[in-house]
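The values are calculated or read from the model by the stated rules, or taken from the named source; none is laboratory data. Please read these numbers as outputs of a predicted model, since none were measured by experiment. Neighbour counts run over all protein chains shown; Cβ positions are idealised from the backbone, glycine included. Please note that ligands, DNA and RNA were not included when accessible areas were found on the heavy atoms of the full protein model with its side chains. Shrake-Rupley method; radii C 1.70, N 1.55, O 1.52, S 1.80 Å.
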Amino acid sequence: MNDQRMFKKVMTTFVQTFVDVYKQFTDEDLQPGGLEKLEENSISIAGIAVIVPFTGKLSGRVLLGIDKDVALSIYNSITGESVEDICDDVLFSMGEFGNMVTGNAVTVVNNEFKSGIRLAPPSVFSGDEMNFVNFKVNIYNIVFKTPHGVIRLNTAFKEEAE
Amino acid sequence: MARILVIDDSPFIFKMVNRALANTSHEVVGHARNGEEGLRMIRELNPDIITLDITMPVMDGIQTLKSLSENGIDVKIIMMSAMGDDDLINEAKKFGVKRFISKPFKPDILVETIDNILKD
Ligand SMILES: [Mg+2]
């Protein structure tokens, strides 16, 4: 990504959007940690993983790693239910959460940079140890602390061929 | 009172729409998980209003608008998406869409939008 201004905007937008969407979902505040560039090309996630691919002037994907307890508490707080185990309903809600975070962030970026980015529907996985291997891309990680555990926001960007 | 079809790939959104409308006079008549299913269910169920997502597999929201227009299907449309950049909004407006709700949505916004669209 050559345009540093665009990159900076994209990352701050993702962080801010994440905090906003989480707040609207749960009425709770989030603590974002710092941005860290990952050097290794594999990521390990325990709990729930949500992947939202996107293409346009900027292509790549968002990968959310959500602790099981965090997912359950988000789900229960929105629905008023008291689900104790991960089930399809919880997975679908996390998939849509990923779609909302990415969609809201991309909307801001598209309006500012006319980047025409479009999302693909989210994929959701659950497991105790899931490894995701990335192609050669720019990968950034931000950890958000919730009252129930952490959510990892992992973004991978690929430059469009010129 | 309106009969509403939800077209959205997420069962979670269908659930939230049902919850939002539970204590109103409106009725949610079905859930289609993409535009293709949506077109079929519109013909079957003849809803007054559809809520239409943008990011969906098989046929997305904008393709669905094209298809509705090509097939001369007349139904009131509320776009309900996490995506809402100017280009997408303008594209939807070309097909006569006037109502947009951004996800995540508050239940009363949905109720208010339905009440308004019924007056259009
Ligand atoms: Mg969708």
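Brief remarks follow.
- Average 1/r across all pairs of distinct alpha carbons in chain A, invert it, and you get the Kirkwood radius: 16.0 Å.
- For peptide B:77-86, the mean count of partner chain Cβ atoms within 10 Å of a residue's Cβ comes to 6.
- 0 to 90° range, to nearest 10: angle between helix A:68-79 axis and chain A longest Cα axis: 80 degrees
- Average beta carbon contacts from partner chains per residue of A:92-101, 10 Å cutoff: 6
- Accessible area of chain A belonging to carbon and sulfur atoms, whole % at 1.4 Å probe: 48 percent
- Rounded Å value of the spacing that divides the Cα centres of segment B:18-94 and segment A:91-143: 23 Å
- Comparing each chain alone with all protein chains together (probe 1.4 Å, DNA, RNA and ligands left out), the residues of segment A:69-87 losing at least 40 Å² of accessible area are A:78, A:79.
- Convex hull volume per residue, computed on the Cα atoms of segment A:6-83, equals 123 Å³.
- Partner shielding of B:11-18 amounts to 5, given as the average count of beta-carbon atoms from other chains within 10 Å of each residue beta-carbon.
- Remark: for residue pairs A:68/B:93; A:8/B:76; A:68/B:15; A:9/B:76, the C-alpha separation exceeds 31 Å in A:68/B:93; A:8/B:76; A:9/B:76.
- Taking the C-alpha atoms only, the angle from helix A:4-26 to the longest principal axis of chain A is near 20 degrees.
- Solvent-accessible ranking of B:53, A:29, largest area first, probe 1.4 Å: A:29, B:53
- Net charge, residue A:78 excluded, C-beta distance under 14 Å - Lys, Arg +1, Asp, Glu -1: 0
- For the protein assembly as shown, share of DSSP beta bridges that run antiparallel, in % to the nearest 5: 70 percent
- With 5 Å bins from 0: P(r) over chain B, alpha-carbon pairs, percent: 2, 12, 25, 27, 22, 10, 2, 0
- Neighbour net charge for residue A:147 - beta-carbon separation under 14 angstrom, K R +1, D E -1: -3
- Chain A and chain B together bury an accessible surface of about 2000 square angstrom, both sides counted, with a 1.4 Å probe and no ligands or nucleic acids included.
- Convex hull volume of the protein assembly as shown per residue (C-alpha atoms, cubic angstrom): 129 Å³
- Per residue solvent-accessible surface (Å²) - the protein assembly as shown, probe of 1.4 Å: 46 Å²
- Rg/Rh (Cα only; Kirkwood hydrodynamic radius) as it applies to segment B:23-65: 0.99
- Taking chain B and dividing mean pair separation by its residue count, relative contact order in percent (alpha carbons under 8 Å, at least six apart): 25 percent
- Ordered from largest to smallest accessible area (heavy atoms of protein chains, 1.4 Å probe), the residues B:66, B:93 come out as B:93, B:66.
- GNM top mover of A:73, A:59, A:42 - chain A, alpha-carbon springs below 10 Å: A:42
- Ranking by accessible area, most exposed first, for A:75, A:140 with a 1.4 Å probe: A:140, A:75
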